[in-house]
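The values are calculated or read from the model by the stated rules, or taken from the named source; none is laboratory data. What you see is a predicted model; the values in this text were computed from it and never measured. Ideal geometry is used to build each Cβ from the backbone, glycine not excepted, and the neighbour counts take in all protein chains shown. Side chains are part of the model used for accessible areas, which takes the heavy atoms of the whole protein and leaves out ligands, DNA and RNA. Shrake-Rupley method; radii C 1.70, N 1.55, O 1.52, S 1.80 Å.
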Amino acid sequence: MRRLVWSLMSVAALALAGCGNSSDSSQGATTQGSEAAAPSAAPTAAAPAKANAITGSVTLRDNPQVSPEAKLQLTLIDVAAQDATPLATKTVDSANTFPLSFEVEFNPADVNPSGTYVLKAELIDGDRHYTPPLQSTVLTNGAPTQVSIQLAAQQTAGEKELAAFTAVQKQIGGMKISNGTKLEDKVSRGWQVFREAGEVKFIREQVDYGDQGFTSTDYAYKGGKPWVVVQQKKSSKDAKPSATNRAAWNQDGQLVLKTTEAGGKSSALSDDDAASLQKQGQSILNLATGGKGK
């Protein structure tokens, strides 16, 4: 039966060829040439993943500005192992152009097939750190060797202290309040002290320097020491602030926040000015408590 079908098809093909002319033959040759060229126009297949490397790209959420000094740290580690020695590490300097491609090579012989590997990524730009909301699992248990990682900005140490300061500031209405004033040569000073459980938590001070201007300052304390200071400088009591200075210290007494804001622009407060704010905070605490500090 198959022979009969092929015979009929052959006869039909010969009949069609006999009916054709030289023009048809030319057209057929052109068509065949186009078909022969088609494979070269097909898209090139993506390169296979490397057997000894984790590859991918890093992006930043919300597209923040990053300085040329930023560094990207990549660490390939088995999080299920008691031995936390990384399988591989890599640091990318001047990591300020995104998306940023990376390749972290490792020794395949060191891979534990039953391990749980993650590629940790952290971008460090001065005090600012950027980390992923979730770690990227790779290599084993069906995990890929090519990943896309998005990093998000984390609060700096200073921003954490300032956020905690704002939380305390909102609670002073429920604290025990006492007031005080002091008149000096060409200086008028007044303050409110806020206590909780017998400890000074907050002092709000206003100082009128006459022609030299006016300051309104909030001081927060921990353990009887200045913790966060926010001071507004004005030309007079009712004027808008011309500058706002902020300084904060952690529990070890290290300066972790020093900023000044003027004219809508923020910049670093000098160490001397931050030290001056700390000294003012200690002075008003001594003055308001008669040297007792509480």
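Numbers for the structure displayed
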item	result
Accessible area per residue in Å² at 1.4 Å probe, computed on region 140-222	56 Å²
Subset of LYS182/LYS240; LYS237/LYS265; LYS186/LYS258; LYS234/LYS292; LYS234/LYS294 violating a 26 Å alpha-carbon distance limit	LYS186/LYS258; LYS234/LYS292; LYS234/LYS294
Fully extended contour minus Cα-Cα distance, from ALA167 to ALA275, at 0.36 nm per residue	36.5 nm
log10 of Debye I(q)/I(0), alpha-carbon scatterers only, for region 53-154 at 0.15, 0.18 Å⁻¹	-0.58, -0.81
Extension gain (nm, one decimal) between ASN107 and VAL187, 0.36 nm per residue minus Cα-Cα	21.7 nm
Accessible surface of region 194-252, 1.4 Å probe, proportion on carbon and sulfur as whole %	39 percent
All Cα pairs of region 81-232, percent lying beyond 25 Å	57 percent
Spacing of the two label points (7 Å from each Cα toward its C-beta) at ASN141 and ALA51, in nm	2.4 nm
Separation of the ALA262 and SER67 label points, Cα + 7 Å toward Cβ, nm	2.1 nm
Region 184-294: relative contact order as a whole-number percent, Cα under 8 Å and 6+ apart	17 percent
Residues THR97 and TYR209, FRET efficiency given R0 of 41 Å [Cβ-Cβ distance, rounded to 0.05]	0.25
Orientation-averaged projected area, Cα convex hull of region 159-289 (nm²)	8.2 nm²
